[in-house]
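Asker: This is the structure, below, for whatever I ask next.
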Amino acid sequence: MAQVTRRSFLGTASLAAAGAAMGPWVLRAGAQAGPIKIGLVLPYSGVYAVLGESITQGMELVFARENWTVAGRKIEMIKEDDEMQPPVGIRKTEKLIDSDKVDILTGPVHSGILMGMRDKVHSSKTILIVSNAGADAISRERCSKWIFRTSFSNWQPNQPMGEWVAKHVAKDVFIAAPNYQAGKDQLGAFKETFVPAGGKLVGEDYPKLGETDYAPYLTKIRQSGAKAVYCFFSGSDAVNFVKQYDQFGLKQSIKLTGAGFLTEPDVLPAQGKSALGVITGHFYTPLLDNPTNQRFVKEFQAKFGGKMPDGFACQGYDTAEVIVRALKAVNGNTQDKPKLVEVIEKSEFDSPRGRFRFDPKTHNVIQPFIYIREVREVAGGINNVPIDKVANVTDPGTGCTLPRPPPLPLWIMHSPPQVVASCRFEWFAMPGDVFAQALNGLAYGVLLFLLSVGLTLIFGMLDVVNLAHGSFYMLGAYAGLSLIAGTGNFWLALLVAPLAVGGIGAMIERSCLRPLYRRPPLDQVLLTFGFIYLFEDLVKSIWGGRIRSIPPPDMFSGSVSVLGAIFPSYRLFVIAFGLAMAVLLFLLIERTRLGAIIRAGVFDAEMTGGLGINIHRVFTGVFAFGAALGGLSGVIAGPIQSAYPSMGVTILIPALIVVVVGGLGSLKGSLIGSLLIGQAETFGKAWLPEASMLIIYVLMAAIVLVRPQGLFGRPLK
Ligand code: BEZ
């Protein structure tokens, strides 16, 4: 609610009295003063950051068209980053409602955050226009009079696809989605029509949201005998899944299909040709030939540097359109909430997706069409070309009027036990699969080694927990990206990007860290933590928020057969490169004078300084070297994983786990720890996906309990 000043209170009170006598005509005369505050709870970091950006841009396009003024009141957007974490999303919602007193709330992207926000929104009678999160329950048993949804329910793009895939693509299908509510909702809706249409589920997997390495799941898909895959992934998950699917050579033999988010224009440029041929269902594609869409695409591209709008931008556009139209209808009066709800419910207009209207029962948008689209190269670009469509797709929710019985437990609704059980058994029994998974684990472990070795060196020598190490990894990936774009030479990037990152590391050590060595460790932790944000913003301002990916060198772009296991040749290169690096580092540390100085420094820095060695210079060198190794791992990981501004935070946890398991400062520990974690995580994902992360933590806890200093660390003082 807007802030109540003495003036506005008197104005509203007298208006109410007169309004009772003179009807709606007076309402128009008594519009409130001050800006209309729109609160946005969206992800501006993490896996779905690109979605948050597109939604915001779609809204800005509409508000800019209105000169940021509606019914004489300024529009003010208050943006909050929910960081993709439900507790953060809920806290930001409370702040927007209780402190900022927003008039209307919009967002979020993540279904779990929406579920968490729901009660606060409902009890405070705040109007929430959901601009992405599809949690089905919000149109069903958890609906609220105050909540509208302009985007979709998770059911909508998927339910029509079940029958379509069974009829037109294949009957034997493997399904996969991230392990959270939206993943379960979306695959549940697919199954609803797929199984009755004669389809058979040959396997089902739920990797964690924000997964960076799908190798264990892709190996399972190959072994499952599936003729097609149906999946829901979005944001950086979609980039990684589609690229790795292609790198593993699955695209040719197992048709990839899914919910539209998989190949939206926010991720298509990073997926590139890997996405060609993928079939998805969605309510939008920028190729729709209605006049509103044509104008939308043109204006959006003009305003946002040629960026192609995606479904998320359309959702933002429609959200702002609903807001503007409703505000005009009540002449800017945001205090009469029931009246606002009434006018929003009646919203109807031409949207880029077609005729927009809400289902009054559920307050959820009725999709004019769900388009079945195929990714093709058209007019010089890669885009989603509609090949079929299903009209008027309405969520089956009965809304607030007639709540459905509580849903069945998820394991009954989404995971027919016989399918999962039989698949699991096969994985345990299949030696070929064990070999392929071990290879996956080796590639992942070597990547972890490259990532963690710089961290462990810095930790061991300088006693600094460098939380910015993930940022060096990110800077390496982005610097590599620009170098490859500029020179077309991957190998040059592999040489120059780490040098540049090492230079940045040296500057940080000399200017910021050195004064803190004699201070408590927390000061250094806080300083390096601050650098995470600094570098994230730097990357956003130089490269923008879009997801990028580094193409592998041409000679390693395909896949090869290794003892019967089809494996991406680039991953084989990573294994060879990582192991060669390990040998070189061992020789450097164990066999050279420099290595002896570093080892002495790790053991006792003061004593080493006392021997006449310029220990400050050694410290700077080690920090720069560690940073360069972080940068190197960013370039190496680039062709496997995608690059996005918060990628540094995502990899920090596994890197820290390796350092703890292997032992602080130990090169050998870093290698053995990485290989161990790589195997444990890969087999965990393949055989016990729900517990794969737990396995890593249990392993770490067990090792630390037996050897608190880690496998090869020095005994703790
Ligand atoms: C969700 O969490 O509801 C969601 C996220 C990304 C795309 C689609 C749905």
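The values are calculated or read from the model by the stated rules, or taken from the named source; none is laboratory data. These numbers were taken from a predicted model, which means no experiment stands behind them. A quick note on method: Cβ atoms are made from the backbone with ideal geometry, for glycine too, and the neighbour counts reach across all protein chains shown.
Asker: Scan segment 30-54 residue by residue and report those that are in contact (Cβ under 8 Å) with a residue 60 or more places away in the chain and more than 24 Å from Gly648 (Cβ to Cβ).
Answerer: Across segment 30-54, the qualifying residues are Gly30, Ala31, Gln32, Ile36, Lys37, Ile38, Gly39, Leu40.
Asker: For Glu374, all conditions in the list (1) in contact (Cβ under 8 Å) with a residue 60 or more places away in the chain; (2) in the same structural domain as Gly311 (by TED's automatic domain parsing); (3) closer than 23 Å to Leu287 by Cβ; (4) surrounded by fewer than 21 Cβ atoms within 10 Å (Cβ to Cβ) hold save one; what is the number of the exception?
Answerer: That leaves (2) as the condition not met.
Asker: Something else: Among the helices (runs of 4 or more DSSP H) contained in segment 261-351, which hold 2 or more residues that are in contact (Cβ under 8 Å) with a residue 12 or more places away in the chain and within 21 Å of Leu40 (Cβ to Cβ)?
Answerer: On the way: elements: 268-271, 291-303, 311-329, 337-345.
Because the criterion is at least 2 residues that are in contact (Cβ under 8 Å) with a residue 12 or more places away in the chain and within 21 Å of Leu40 (Cβ to Cβ), the helices (runs of 4 or more DSSP H) in segment 261-351 that meet it are 291-303, 311-329, 337-345.
Asker: With touching a residue at least 24 places away in the same chain (Cβ under 8 Å) and either in contact with a helix residue (DSSP H, G or I) (Cβ under 6 Å, 6 or more places away or on another chain) or of a type in the set (Gly, Ala, Ser) (or both) as the only criterion, which of Gly609, Gly634 stands out?
Answerer: Numbers: Gly609 fails: touching a residue at least 24 places away in the same chain (Cβ under 8 Å).
Unique residue meeting the criteria: Gly634.
Asker: Among the listed residues Ile254, Ile221, identify the single one that is away from the ligand (no atom under 16 Å from the Cβ), closer than 22 Å to Ala691 by Cβ, outside the structural domain of Ser54 (by TED's automatic domain parsing) and modelled with pLDDT of 95 or more.
Answerer: Numbers: Ile254 fails: closer than 22 Å to Ala691 by Cβ.
Of Ile254, Ile221, the one residue that is away from the ligand (no atom under 16 Å from the Cβ), closer than 22 Å to Ala691 by Cβ, outside the structural domain of Ser54 (by TED's automatic domain parsing) and modelled with pLDDT of 95 or more is Ile221.
Asker: Name, by its number, the condition in (1) in contact with a helix residue (DSSP H, G or I) (Cβ under 6 Å, 6 or more places away or on another chain); (2) among the hydrophobic types (A, V, I, L, M, F, W, C); (3) at pLDDT below 80 that does not hold for Ile412.
Answerer: (1)
Asker: Still on this structure, please answer the following. Filter segment 39-74 for residues that are acidic (Asp, Glu) and assigned to a helix (DSSP H, G or I); which is nearest to the ligand (Cβ to nearest atom)?
Answerer: Keep residues of segment 39-74 that are acidic (Asp, Glu), which gives 53, 60, 66.
Within this subset, residues satisfying the condition of being assigned to a helix (DSSP H, G or I) are 53, 60.
Working: Glu53: 13, Glu60: 20 Å.
Here the answer is Glu53.
Asker: List the helices (runs of 4 or more DSSP H) inside segment 548-652, counting only whole elements, that have at least 2 residues being within 30 Å of Gly52 (Cβ to Cβ). Lay out the reasoning, then the answer.
Answerer: Details: elements: 569-591, 593-603, 605-610, 615-637.
In segment 548-652, the matching helices (runs of 4 or more DSSP H) lie at 615-637.
Asker: Which count do you get for residues in segment 121-159 that are crowded, with 24+ Cβ neighbours inside 10 Å, part of a helix (DSSP H, G or I) and within 14 Å of the ligand (Cβ to nearest atom)?
Answerer: 7
Asker: Can you tell me which residue among Val239, Val229 is in contact with a helix residue (DSSP H, G or I) (Cβ under 8 Å, 6 or more places away or on another chain), over 22 Å from Val393 (Cβ atoms), of a type in the set (Val, Ile, Thr) and within 16 Å of the ligand (Cβ to nearest atom)?
Answerer: Numbers: Val229 fails: within 16 Å of the ligand (Cβ to nearest atom).
Selected residue: Val239, the only one of Val239, Val229 that is in contact with a helix residue (DSSP H, G or I) (Cβ under 8 Å, 6 or more places away or on another chain), over 22 Å from Val393 (Cβ atoms), of a type in the set (Val, Ile, Thr) and within 16 Å of the ligand (Cβ to nearest atom).
Asker: Report every pair of residues separated by at least 6 positions or lying on different chains whose Cβ atoms are under 6 Å apart, first residue within segment 179-195 and touching a residue at least 40 places away in the same chain (Cβ under 8 Å) and near the ligand (Cβ under 8 Å from one of its atoms), second in a helix (DSSP H, G or I) and not hydrophobic (A, V, I, L, M, F, W, C).
Answerer: From residues that are touching a residue at least 40 places away in the same chain (Cβ under 8 Å) and near the ligand (Cβ under 8 Å from one of its atoms), the pairs are Tyr180/Gly112; Gln181/Ser111; Gln181/Gly112; Ala182/Ser111; Asp185/Asp136; Gln186/Asn158.
Asker: How many residues does segment 242-257 hold that are touching a residue at least 40 places away in the same chain (Cβ under 8 Å) and either farther than 20 Å from Val165 by Cβ or crowded, with 24+ Cβ neighbours inside 10 Å (or both)?
Answerer: Adding up the residues that qualify gives 6.
Asker: Next up: Check segment 75-92 and report whether any residue there is among the polar types (S, T, N, Q), in the same structural domain as Gly332 (by TED's automatic domain parsing) and away from the ligand (no atom under 14 Å from the Cβ). Steps first, please.
Answerer: Looking only at segment 75-92, we keep the residues that are among the polar types (S, T, N, Q), and these are 85.
When the remaining residues are screened for being in the same structural domain as Gly332 (by TED's automatic domain parsing), the result is 85.
Add one more test, that the residue is away from the ligand (no atom under 14 Å from the Cβ), and what stays is none.
Taking every residue of segment 75-92 in turn, none turns out to be among the polar types (S, T, N, Q), in the same structural domain as Gly332 (by TED's automatic domain parsing) and away from the ligand (no atom under 14 Å from the Cβ).
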